[in-house]
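The values are calculated or read from the model by the stated rules, or taken from the named source; none is laboratory data. What you see is a predicted model; the values in this text were computed from it and never measured. A quick note on method: Cβ atoms are made from the backbone with ideal geometry, for glycine too, and the neighbour counts reach across all protein chains shown.
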Amino acid sequence: MSPPSILGNCKTVLKCNTAGENYADINWDELGFSLVPTDYMYVMKCAKGDKFSQGSILPYGNLEINPSAGILNYGQGIFEGLKAHRTEDGCILLFRPDENAQRMKRSADRLCMPSPSNDQFVNAVKQIVLANKRWVPPSGKGSLYIRPLLMGTGALLGLAPAPDYTFLIYCSPIGSYHKDKKRLISSLLIITGALNLKVEDKLYKAISGSGGTGGIKSVTNYAPVYTAITDAKANGFSDVLFLDSATGKYIEEASACNVFVVKGNASFTPAIDGTILPGIMGKSIIEIAIDLGYRVLERAVSVEEMLGADEMFCTGTAMVVNSIASVTYKKTRMDYKTGPEALSAKLRTTLVGIQTGCVEDKKSWTVLVD
Ligand code: COI
């Protein structure tokens with residue numbers, strides 16, 4: 001199957017009543033991936049051993065939190081990230097929110113936390129998007145990034161699951177994750193400039209084997225990458241590619257995204273085995289690549305194999321699909337295919353097309369917020 005034309009116009013089939021719609025008074029052309037506070041947040045609380053029941057929409061603002069809360073002392077917290085897009089006809093679409101709900105539940109189980117049910121999660125997301133509707137960017141200008149948090153907010157001193165939990169969702173309108181690298185090709189396709197990655201061979205992101213927490217979206221998985229990213233950025237790189245901690249021979253993931261290598265008509269991505277976050281974007285891209293006629297293999301990918309590949313790209317909710325221009329391992333730099341003919345561009349066009357209602361959603365991945 002061939003991908004939709006990247007220069008084609010959006011042919012949305014949805015129709016929504018947008019009469020009287022108003023937008024927040026901000027410069028929609030200036031959005032990057034930084035916080036723009038919106039009007040409301042969603043908050044739902046529950047005690048250990050109970051179930052989440054009733055949440056509420058509150059004005060967006062600071063939280064009052066006990067100094068001995070589980071999240072502050074022992075990092076008992078997880079998060080999710082998903083997006084709402086506005087179609088050309090003004091409808092608002094979520095992309096696979098049920099996948100985020102399920103991943104949050106798996107993360108919560110690993111950290112001994114109660115979690116909202118799938119329905120509670122998806123309903124809360126819909127409610128907070130509707131409450132912040134004027135912050136959902138106009139079609140083609142970006143998306144509303146939705147950040148659900150689940151944290152132990154009850155007070156304790158000993159090392160144990162917190163007595164109380166808070167599920168909270170806040171939002172921010174965003175543009176491109178790598179804003180400085182954005183290039184608009186058509187209303188449907190924004191090619192983000194390709195990334196230059198450095199392979200990190202001293203610091204690791206997750207412990208090998210299935211016993212660690214690399215496979216869940218724990219808040220504690222993120223700050224440990226700062227040292228490596230800061231050093232890489234100071235040396236002109238865009239991001240860091242981490243290796244497996246057992247042998248240092250296989251690629252795992254970048255700081256906030258899954259990675260794929262392409263050789264001929266096949267694409268390889270490290271198998272999800274406990275050290276790598278099961279990305280919702282990555283999972284979706286695998287299906288789209290197969291539909292486009294590519295063979296996709298989820299298995300160990302060695303540094304040597306990566307250095308011999310034709311193309312590389314990364315996937316994540318925030319960045320969607322981003323091509324990789326080069327990877328540097330020790331003193332070796334490998335350059336990869338980029339641009340509109342690269343597989344990553346075709347995948348991005350299809351995926352963003354589905355998210356924005358421009359490409360028919362044959363897989364029922366989008367959810368209308370109304
Ligand atoms: C996302 O892509 O949504 C993430 O959660 C990664 C985050 C570091 C921006």
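Filtered by the rule that a residue be crowded, with 19+ Cβ neighbours inside 10 Å, out of contact with any helix residue (DSSP H, G or I) (no Cβ under 7 Å at 6 or more places or on another chain) and among the small types (Gly, Ala, Ser), region 291-317 gives a lone residue, 309. Inspection of region 229-246 finds no residue satisfying the criterion of being in contact with a strand residue (DSSP E or B) (Cβ under 9 Å, 6 or more places away or on another chain), surrounded by fewer than 17 Cβ atoms within 10 Å (Cβ to Cβ) and under 29 Å from residue 109 (Cα atoms).
Considered as a group, the residues in region 1-37 that are at pLDDT below 90 and among the aliphatic types (A, V, I, L, M) include one that is farthest from the chain's Cα centre (by Cα), and that residue is 19. Considering the conditions (1) more than 19 Å from residue 177 (Cβ to Cβ); (2) in a loop (DSSP other than H, G, I, E, B); (3) in contact (Cβ under 8 Å) with a residue 12 or more places away in the chain, residue 341 is excluded by exactly one of them, (3).
All of 239, 273 fail the test of being on the phi < 0 side of the Ramachandran plot and either within 16 Å of the ligand (Cβ to nearest atom) or without any contact (Cβ under 8 Å) to a residue 24 or more places away in the chain (or both), apart from 239. The set of residues from region 38-51 being surrounded by 12 or more Cβ atoms within 10 Å (Cβ to Cβ), at pLDDT 95 or above and of a type outside the set (S, T, N, Q) comprises 39, 40, 41, 42, 43, 44, 45, 46. Being among the polar types (S, T, N, Q), away from the ligand (no atom under 16 Å from the Cβ) and either surrounded by fewer than 16 Cβ atoms within 10 Å (Cβ to Cβ) or on the phi > 0 side of the Ramachandran plot (or both): is that true of residue 54 here? So residue 54 passes the test.
Looking only at residues of region 76-93 that are more than 16 Å from the ligand (Cβ to nearest atom) and in contact with a helix residue (DSSP H, G or I) (Cβ under 7 Å, 6 or more places away or on another chain), we find that the one that is farthest from residue 104 (Cα to Cα) is 92.
For region 72-81, filtering for residues that are hydrophobic (A, V, I, L, M, F, W, C), within 17 Å of residue 125 (Cβ to Cβ) and either without any contact (Cβ under 8 Å) to a residue 24 or more places away in the chain or in contact with a Ser or Thr (Cβ under 6 Å, 6 or more places away or on another chain) (or both) leaves 1. Pairs linking a residue in region 16-36 that is free of Cβ contacts under 8 Å to residues at least 40 places away in the same chain to a residue that is in a loop (DSSP other than H, G, I, E, B) and exposed (fewer than 15 other Cβ atoms within 10 Å of the Cβ), with Cβ atoms under 8 Å and 6 or more positions apart or on different chains, do not occur. Cβ-Cβ contacts under 8 Å between residues 6 or more apart (or on different chains), taken from a first residue in region 46-71 that is touching a residue at least 24 places away in the same chain (Cβ under 8 Å) and farther than 15 Å from residue 170 by Cβ to a second residue that is surrounded by 12 or more Cβ atoms within 10 Å (Cβ to Cβ) and of a type in the set (Lys, Arg), are listed as 52/45.
Here 308, 353 are screened, and the one residue that is touching a residue at least 12 places away in the same chain (Cβ under 8 Å), more than 16 Å from the ligand (Cβ to nearest atom) and assigned by TED's automatic domain parsing to the domain that holds residue 275 is 308. Of everything listed in (1) assigned to a strand (DSSP E or B); (2) closer than 29 Å to residue 174 by Cα; (3) more than 16 Å from the ligand (Cβ to nearest atom), the single unmet condition for residue 322 is (3).
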